[in-house]
Amino acid sequence: MSDYGIEVLWVLIIASLGLSAVALVFSISHRRHIPVAASTAGEDVISEAARTVLREFEKNGHSADAALITWSPDTLRKILAEDLPETQVIVVSNREPYIHNVNDDGVELLVPASGLVSALEPITRACAGTWIAYGGGTADRLTVDENDRVEVPPGNPSYTLRRVWLTEEEYQAYYLGFANEGLWPLCHIAFTRPIFRASDWEAYEAVNRKFADTVVAEARNEQPIVLVQDYHFALLPRMIRERLPEAIVITFWHIPWPNSEVYSICPWRERILEGLLGSSIIGFHTQFHANNFTESVDRFLESRIERADAAISYGGQTTLVHAYPISIEWPAELLARLPAVEECRARVRDRFGLPANVKLCVGVERLDYTKGILDRFHALDELFTRYPEWVGKVVFLQVAAPSRGSLPAYQQLHDECLRYAEELNQRYGTNDYSPLLMVAEHHSQEQVYEIYRAADICMVTSLHDGMNLVAKEFVAARDDEQGVLLLSTFAGASRELLEALIVNPYDTAMTSEALLQALTMTPEEQRERMRPMREMVRDNNVYRWAGSMLLDAARLRKRGDLDRVTGNGERPSNNNVISMFERTRKAVS
Ligand code: F6P
């Protein structure tokens, strides 16, 4: 071929490669941009294309490209109807989604300040499930039927809340003691020493057993899916497995899991791991915490760990260990009930007596030492020291729901926060200006969203946090695409909300500089940051979180059923996870 011929050939090759690349990019971008608006109520179907991907996911045992699906309550209902027909969903948590309390006018309803509740509530509604939880309200016993059940949400019931009663001694030792003075500080790096008492451990075990009895009593057949929530129930998965061998038990650990060195100080470390390994699946917010868990098992139990499959075999049963980042409802139902941002700003400023021209910075959480509340007060102090021109121009509103208030560590935090707020107000305040408002009261979700919408800046400065849903709620509340999020690098949310101003709350100088950056950020930059964060929360909403776990559960169940049909099931039927795991191994070898 002549030189000219070769040149022409090269041009043709390059042009055809270019065209293929353009076609590929075009097809991918079309596949990925399924507009949320396309999901009108009731029509939020999984498309055929998406189904094909899900089938592939089942075949290969890998995560589906779930971004193809618009995740909504309908998606969950469809997964349940088509992939897990007739399956009862049972949620177990310590905290109940609705608390009834006696007040002067009769009975009042309280929705607790809890990330767990805000995530699980829309899911349980969508699945019409049964939620088993501790009945801690003063009017809880007055509002249940003879089986300790109450239909919720009040006024528009869609699922059953089954309350479990604890004695005062059980509550003290299991909840305040082992869960919150032992496991909570053990799992969070916040430098609060865990306290372990044998009597608390005994109560913890007894209460886990009480909940296991309730799960068995509520199960309508042998094969429910049980969603066990959080560190209050580390022993429950194995207890359920022993009594309902065909149940699929999915345990979600809502807080971090420490490294194995830290974990080793727990006197009952083996028992906790054994209990959790009764689960079919254990979920964490981040891969990092899932890895820490696997390391702890590796160090303290005789087990077989298949890292490539994210699976642990222990005592003849296999558990999958996965990261499922939790999220929130999208769109948040209550947003529809709230007025425009301007009106929210006016209302909040009026309610807290704020001058109209100050920048409003907010913090919203339970009053907990892991949240870095004092650290953000330090950052405000530092801002005023470095940039005194900001005194008088910014107000920090800290809303802190009382939590675990009878424990000394929490009382101490409460007192320190009030003391520091008073000190800052004396130092920088005037007769009609207080730079720091500390409101240690419970606020309803509606009030909280109003505050988010009124704020110029939201500070999430956790010293350590599994996910932190306040960060996601703030983003969801800002349909005006304004507002700046300051987010701790030690919160799981910082792995997803990359456009936030990421800070190390231990670094006061850095946090105060980020605060300055937020105070002076242009509306255009706020929009540029807020928009992708909203897309992230929209596409990775709580229905996707639950849907991914349900799809994994469906896959386990189908493999187990298949084994029974094909005679591969020499093992008892509860070992459906093992057979799947071993088939993968056979295929590989
Ligand atoms: O962060 C762990 C967690 O269980 C959350 O899931 C929940 O929001 C919070 O603690 C609630 O704590 P409590 O039920 O003790 O008030």
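The values are calculated or read from the model by the stated rules, or taken from the named source; none is laboratory data. Quantities reported herein were computed from a predicted structural model and do not represent experimental measurements. Heads up, the Cβs are rebuilt from the backbone with ideal geometry, glycines too, and the neighbour counts pull from every protein chain shown. We work out accessible area using only protein heavy atoms, side chains counted, and drop any ligands, DNA or RNA first. Shrake-Rupley method; radii C 1.70, N 1.55, O 1.52, S 1.80 Å.
Miscellaneous remarks
- Global form of the stretch 307-409, assessed from the alpha-carbon gyration tensor, a/c cut-off 1.5: prolate
- Shape category assigned to the stretch 88-186 from the gyration tensor of Cα positions, a/c cut at 1.5: oblate
- Solvent-accessible area per residue in the stretch 295-398 equals 41 Å², computed with a 1.4 angstrom probe and all protein chains kept.
- Global form of the stretch 451-552, assessed from the alpha-carbon gyration tensor, a/c cut-off 1.5: oblate
- Of Met549, Met536, the residue with the largest accessible area leads and the full order is Met536, Met549 (1.4 Å probe).
- Accessible-area composition of the stretch 268-383, carbon plus sulfur, in percent [1.4 Å probe]: 48
- Per-peptide packing, taken as the mean over residues of other Cβ atoms within 10 Å, places 218-224, 517-523, 280-286, 467-473 in the sequence 467-473, 280-286, 218-224, 517-523 from highest down.
- Solution diffusion estimate, µm²/s, Stokes-Einstein, the stretch 230-273, Kirkwood Rh from C-alpha pairs, 37 °C, viscosity 0.692 mPa s: 277
- Calculated accessible area for the stretch 103-206 comes out at 43 Å² per residue, all protein chains present (probe 1.4 Å; ligands, DNA, RNA ignored).
- Our note on the geometry: Cα centres of the stretch 84-102 and the stretch 170-246, 15 Å apart.
- Dimensions of the stretch 202-270 along the principal axes, based on C-alpha atoms and rounded to the nearest Å, stand at 41, 22, 17, largest first.
- Longest to shortest principal axis, alpha-carbon extents of the stretch 229-342, angstrom: 59, 34, 30
- Taken one residue at a time, the phi angles of the stretch 249-263 give Karplus couplings (6.51, -1.76, 1.60, θ = phi - 60°) of 10, 10, 9, 10, 9, 7, 10, x, 10, x, 5, 5, 5, 5, 4 Hz. Gly and Pro are set to x.
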